[in-house]
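Some notes on the structure that comes next.
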Amino acid sequence: MRLDKEERVKIEQLRRQTRDKKQHVRLSVLVMLDEGYTHEVIAVSQGIDSDTVGNYKRKYLQQGLDGYLKDNYVAYQGELSLEQLRAVDQKSAGRLVCNGKSGGRLDMWRI
């Protein structure tokens, strides 16, 4: 994959300025693809899978730099069903206490 000179300069500038590790990796992948490195070499150097390199390349070619850098990741919130909540309530019999560090998240509660 070859970047035009202006795009390469913009990508390198963004890479120097970002404090976000994921963005830095994504920008580094583009630079390395432009330099002719293989997906496998890029993957090892950036700590990602070689399939991810291919996905990044495809996304950049399809969406351009702005679309490529947009992070649409939404973390799973992990909700319990009503039946599961009742089972937890029944098993705990009111013995749930917060350890004080969780801000009340269920995953930090102990019986």
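The values are calculated or read from the model by the stated rules, or taken from the named source; none is laboratory data. On a predicted model such as this, the values are computed, not experimentally measured, just so you know. Please note: Cβ atoms are built from the backbone with ideal geometry, for glycine as well, and neighbour counts cover all protein chains shown.
Structure summary
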| item | result |
| --- | --- |
| Within region 23-47, tally of residues that are surrounded by 15 or more Cβ atoms within 10 Å (Cβ to Cβ) and in a helix (DSSP H, G or I) | 16 |
| Qualifying position, being exposed (fewer than 15 other Cβ atoms within 10 Å of the Cβ), free of Cβ contacts under 8 Å to residues at least 60 places away in the same chain and over 15 Å from Tyr68 (Cβ atoms), among Asp20, Asp51 | Asp51 |
| Boolean, Lys57 is within 13 Å of Met1 (Cα to Cα), assigned to a helix (DSSP H, G or I) and among the charged types (D, E, K, R) | yes |
| Some residue of region 43-56 being assigned by TED's automatic domain parsing to the domain that holds Arg26, over 16 Å from the mean Cα position of the chain (by Cα), under 14 Å from Leu30 (Cβ atoms) and not small (Gly, Ala, Ser) | no |
| Leu96 being touching a strand residue (DSSP E or B) at 6+ places or on another chain (Cβ under 6 Å), modelled with pLDDT under 80 and not hydroxyl-bearing (Ser, Thr, Tyr) | yes |
| Among residues of region 60-73, those that are of a type in the set (D, E, K, R) and either in contact with a helix residue (DSSP H, G or I) (Cβ under 8 Å, 6 or more places away or on another chain) or not in a helix (DSSP H, G or I) (or both), counted | 2 |
